Each structure stands twice: as C-alpha cells, then as structure tokens.
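Chemist: Pasting a structure here, questions to come.
The values are calculated or read from the model by the stated rules, or taken from the named source; none is laboratory data. All of these numbers come straight from a predicted model, not from anything done at the bench. All Cβ positions, even for glycine, are placed from backbone atoms using ideal geometry, and neighbour counts span all protein chains on display.
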Amino acid sequence: MAPTEQLRVSRKLKCVQALLGFFAYLILVLPYLRRTHGLEKLKPSQRYLLVSNHVSLLDTILLGALLWRSGNYPILVLGDKSVWRDSWFRDALSKPIGFLLERGKLNPGRIAELQKYAGEIKRFNLIVFPEGTRGNGVDVAECRPGIYYVAQESRAPIVPVFIENMQFVSTKTGKFHPVGGRRKIEVHFGDPIPLEGYVSRSREEFTEFVREKISSLRPRC
C-alpha cells in the first residue's frame, strides 16, 4: 500500500512531542523496558493506526516514547476526557498528544467525533486502546465498537500492539512499583494490516478481529 498522504504538523507541536518523547524515554523506557519486538516494521514515511491492550496510563507515555525514538511521530492518542482532565499534570500532558472524548456520556454525535479523529491520520500516527478501559495485562477484553469507525474512516494500515508486564509497574487500581517493575516490560508490534485485510468485515467481525490480533502477540508459556 502506498504511504498515507501526510499533511504538515506545526514545528512547535513536533518539538513539544519530541521533548516529551525524550523525557519519557529517560524516565520510563530506560529503567522499565526490557525489549521491543517488531518496532522496525514501522516506517516513518507511513501513517498507522496502532491498536493496543491497555493496563496503565503509562501505556500512552511508553508508546509515545518508543514511537519518538524510532521516528514514527507525531502521534495522536484517543483518550477519556474524565481521566486526563482530573489533574493539572495530566491535562498539561494530554494537550499536545491527546484527542479526548467524554466516553461515559451518551452522545449521538459520537460517530462523527470518531471520524474526525480518524481524519487526523494525514498528520499523525493514531493510537487507540480499543478495550476502552484498563485491564489486567494478560487478557485482552472485548473491543468497543468505536475502533470500527476509526478504522473505516482512516483507511490506514492497522498495527496491533501488546504491552507485556506493565502490570508489574503500574495498573488502574494498584500502586506504582518503581523498583519491582524494573526491566520487565516488553512491547510487541505486529505486522501492519493493510486496508484490504479488514475493510470488508462487519463491525462485530472487525472488533473481534482486532482483539484476536492484539491477543495473538502475547507470549505463550
């Protein structure tokens, strides 16, 4: 597939994301990442829709740092406004990288919001956590239907991602483990799935397809 047409992103935004990526790499990747698998499959000249399992808010920072380090940025992450706006620090962090929705509220315009987000594929690599909530780090839950509308509108190659062992560092309800989690995380990037590999699937088929692709990257004992 030919690279997705790209539109220019402001130099200021790219510099801000590069700075965030640099510091995230220092404080999260270096002490807690053991290795990555398959990141070399991503080409900086291409825009992707990355779909990942979700364990901690640190998932966003981790992926942002790895994509910055490999040259696959800028990024735009689909997030929950109620989570990222509950403190000044999260709010400040989300502004240059986040596209935030009020997920807990019924919104008849939600599909249009998701399509607007998907349209940003011309400027950004898009990151979505399709489970819609943070899990246990082992199982991949059923994906929410929103990912179907994002994929259909973006028509970009989909890259499944599995973050392994983040639960030893941070979870939704547990404490942060600054020592016990060191050098435990591994991140698995799957093969990019071209448009023709998913576009004809129904919404129900597609959400299960995405769940299976993410789950298949989890190492088996």
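Chemist: Just checking, which of 104, 137, 64 is within 20 Å of residue 166 (Cβ to Cβ) and modelled with pLDDT under 95? Spell out how you get there, then give the answer.
Modeler: Numbers: 104 fails: within 20 Å of residue 166 (Cβ to Cβ); 64 fails: modelled with pLDDT under 95.
One residue alone meets the criteria, 137.
Chemist: Hey, among 204, 153, 186, which residue is out of contact with any Ser or Thr (no Cβ under 6 Å at 6 or more places or on another chain) and without any contact (Cβ under 8 Å) to a residue 12 or more places away in the chain? Before the answer, list the steps.
Modeler: Working: 153 fails: without any contact (Cβ under 8 Å) to a residue 12 or more places away in the chain; 186 fails: without any contact (Cβ under 8 Å) to a residue 12 or more places away in the chain.
Matching residue, one of 204, 153, 186: 204.
Chemist: Does segment 126-145 contain at least one residue that is among the hydroxyl-bearing types (Ser, Thr, Tyr) and buried (at least 20 other Cβ atoms within 10 Å of the Cβ)? If you could, list the steps in order and put the result at the bottom.
Modeler: Taking segment 126-145 first, the residues among the hydroxyl-bearing types (Ser, Thr, Tyr) are 133.
From what is left, the residues that are buried (at least 20 other Cβ atoms within 10 Å of the Cβ) are none.
Scanning segment 126-145, I find no residue that is among the hydroxyl-bearing types (Ser, Thr, Tyr) and buried (at least 20 other Cβ atoms within 10 Å of the Cβ), so the answer is no.
Chemist: For segment 185-195, state whether one or more residues are part of a loop (DSSP other than H, G, I, E, B), under 27 Å from residue 34 (Cβ atoms) and out of contact with any Gly (no Cβ under 7 Å at 6 or more places or on another chain).
Modeler: Step one: of segment 185-195, the residues part of a loop (DSSP other than H, G, I, E, B) are 190-192, 194.
Retained after the next criterion (residues that are under 27 Å from residue 34 (Cβ atoms)): 190-192.
In the following step, the residues that additionally are out of contact with any Gly (no Cβ under 7 Å at 6 or more places or on another chain) were identified as 191-192.
Yes: one or more hits.
Chemist: Here is a follow-up. State whether the residues of segment 110-124 include one that is crowded, with 21+ Cβ neighbours inside 10 Å, over 21 Å from residue 143 (Cβ atoms) and without any contact (Cβ under 8 Å) to a residue 60 or more places away in the chain.
Modeler: No, because not a single residue in segment 110-124 is crowded, with 21+ Cβ neighbours inside 10 Å, over 21 Å from residue 143 (Cβ atoms) and without any contact (Cβ under 8 Å) to a residue 60 or more places away in the chain.
Chemist: On to the next question. What strands (runs of 3 or more DSSP E), lying completely within segment 22-138, carry at least 2 residues that are within 15 Å of the chain's Cα centre (by Cα)? I'd like the intermediate steps shown before the answer.
Modeler: Working: elements: 33-37, 49-52, 75-80, 98-101, 125-128.
Of the strands (runs of 3 or more DSSP E) lying wholly inside segment 22-138, those with at least 2 residues that are within 15 Å of the chain's Cα centre (by Cα) span 49-52, 75-80, 98-101, 125-128.
Chemist: Looking at (1) in a loop (DSSP other than H, G, I, E, B); (2) among the basic types (Lys, Arg); (3) under 16 Å from the mean Cα position of the chain (by Cα), find the lone condition where residue 201 falls short.
Modeler: (3)
Chemist: Any chance you could count how many residues in segment 146-186 are aliphatic (A, V, I, L, M) and surrounded by fewer than 21 Cβ atoms within 10 Å (Cβ to Cβ)?
Modeler: Residues of segment 146-186 aliphatic (A, V, I, L, M): 147, 150-151, 156, 158-159, 161, 163, 166, 169, 179, 185.
Adding the requirement that they be surrounded by fewer than 21 Cβ atoms within 10 Å (Cβ to Cβ) leaves 179.
Qualifying residue count, segment 146-186: 1.
Chemist: Moving to a separate point now. Mind listing whichever residues of segment 25-60 are hydroxyl-bearing (Ser, Thr, Tyr) and crowded, with 19+ Cβ neighbours inside 10 Å?
Modeler: Matches in segment 25-60: 32, 48, 52, 56, 60.
Chemist: If I go through segment 58-114 residue by residue, how many of them are over 13 Å from residue 146 (Cβ atoms) and acidic (Asp, Glu)?
Modeler: Qualifying residue count for the region: 3.
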